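Please read the structure below before turning to the comments.
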C-alpha cells in the first residue's frame, strides 16, 4: 500500500539485538530469580513475554485492505507494554507528548526541573512503598514555593503554579537510577477580575537553585528518618536538582 512515495514497512523486532538477548536469556533469568528468592514480579514476567510476541506476525495480526487499489498488508499486533518494548514505549511517549501540548500545557514559557539521588538512597526509595510519591510531593512543593517567592520579589502576590511530572527508573546505561522530570511554567498564574493572567519570571539564579537544593535535601532526609528508612551510613552526597530551559510553545 503506497501513496505519495510512502510505503508501509513492517518493523522486524526479532532481528534486533535486544530481542535476541531477551529470547536467549529470559528463561535463565526467571529460573535464577526463583532460585534466590520468590522470582520477579508477575507483571515483569508478563511484559517480557508480551515483548517477545510484539510485532511478530506469528503471534497475531490484522489484515488491512485499501478500498481504492485493493492492495492488502498485514499489521502485526503490538504488546502495548510500558517497561520492555522500545517501540510501544516510543509510541506511548509520542501520544502523551501530543496530548500534553495540545490539551494540557498552557502556551507559556516553561522550564524542566530534574531531581536525582545518591546511589545509596536510590535503593531505599525503590524498596519503601510510597516514598517515591512522597518525595516528589516534597520536591514540587519546594519548587512552587520558590516560584511564589520570586514572584513576590517582583510585586506579584497571590500567584499559583503547577507542574507535569514524570518518574524515570533507569539511566542512559540502563542502570537503576530513579529520578524525576518536572515541567513547570516559568512564572505564576494570578487570578483577577478579568480572569487569570500569567506573570512571567526571569530565570532562577544560582543562589535560588542552591537554596532549593538545601530545602529539598533537608525535607527528604527528615522524611526518610521519620520512616526509619535513612541509610545506615548516611547519604554519600547531596541530592542533585538540575534545571534546563525549554523553548516557548
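The values are calculated or read from the model by the stated rules, or taken from the named source; none is laboratory data. Worth saying up front: this structure is predicted, and the values here are computed from it rather than measured. A quick note on method: Cβ atoms are made from the backbone with ideal geometry, for glycine too, and the neighbour counts reach across all protein chains shown.
Of note:
- Condition check for residue 124: assigned by TED's automatic domain parsing to the domain that holds residue 199 and farther than 20 Å from residue 44 by Cβ: yes
- Test: residue in segment 102-119 that is within 30 Å of residue 7 (Cβ to Cβ) and not in a loop (DSSP other than H, G, I, E, B): yes
- Top-ranked residue in segment 64-79 [being in contact (Cβ under 8 Å) with a residue 24 or more places away in the chain and either at positive phi or not in a strand (DSSP E or B) (or both); ranked as farthest from the chain's Cα centre (by Cα)]: 69
- Within segment 30-44, restricting attention to residues that are closer than 16 Å to residue 84 by Cα and at pLDDT below 90, the residue that is surrounded by the fewest Cβ atoms within 10 Å (Cβ to Cβ) is 42.
- Test: residue in segment 142-158 that is farther than 21 Å from residue 220 by Cβ, outside any helix (DSSP H, G or I) and in contact with a helix residue (DSSP H, G or I) (Cβ under 7 Å, 6 or more places away or on another chain): no
- Residue 84 vs. criteria over 15 Å from the mean Cα position of the chain (by Cα) and either assigned by TED's automatic domain parsing to the domain that holds residue 164 or outside any helix (DSSP H, G or I) (or both): no
- Flag for residue 132 being closer than 24 Å to residue 161 by Cα, in contact with a strand residue (DSSP E or B) (Cβ under 8 Å, 6 or more places away or on another chain), touching a residue at least 40 places away in the same chain (Cβ under 8 Å) and not assigned by TED's automatic domain parsing to the domain that holds residue 166: no
- The condition of being surrounded by 12 or more Cβ atoms within 10 Å (Cβ to Cβ) and closer than 25 Å to residue 166 by Cβ holds for only one of 85, 66, that being 85.
- For segment 1-19, filtered to residues that are farther than 17 Å from residue 50 by Cβ and either in contact with a strand residue (DSSP E or B) (Cβ under 8 Å, 6 or more places away or on another chain) or assigned to a helix (DSSP H, G or I) (or both), the residue that is modelled with the lowest pLDDT is 1.
- Scanning segment 171-198 for residues that are touching a residue at least 12 places away in the same chain (Cβ under 8 Å) and either exposed (fewer than 15 other Cβ atoms within 10 Å of the Cβ) or not in a strand (DSSP E or B) (or both) turns up 176, 186, 191.
- For segment 118-135, the set of residues classified as over 16 Å from the mean Cα position of the chain (by Cα) and either on the phi > 0 side of the Ramachandran plot or surrounded by fewer than 13 Cβ atoms within 10 Å (Cβ to Cβ) (or both) consists of 127, 129, 130, listed by residue number.
- Hey, residue 138 in a helix (DSSP H, G or I), in contact (Cβ under 8 Å) with a residue 12 or more places away in the chain and either under 30 Å from residue 20 (Cα atoms) or more than 17 Å from the chain's Cα centre (by Cα) (or both) or not: yes
- Test for residue 115: is it surrounded by 11 or more Cβ atoms within 10 Å (Cβ to Cβ), touching a strand residue (DSSP E or B) at 6+ places or on another chain (Cβ under 9 Å), without any contact (Cβ under 8 Å) to a residue 60 or more places away in the chain and within 26 Å of residue 228 (Cα to Cα): no
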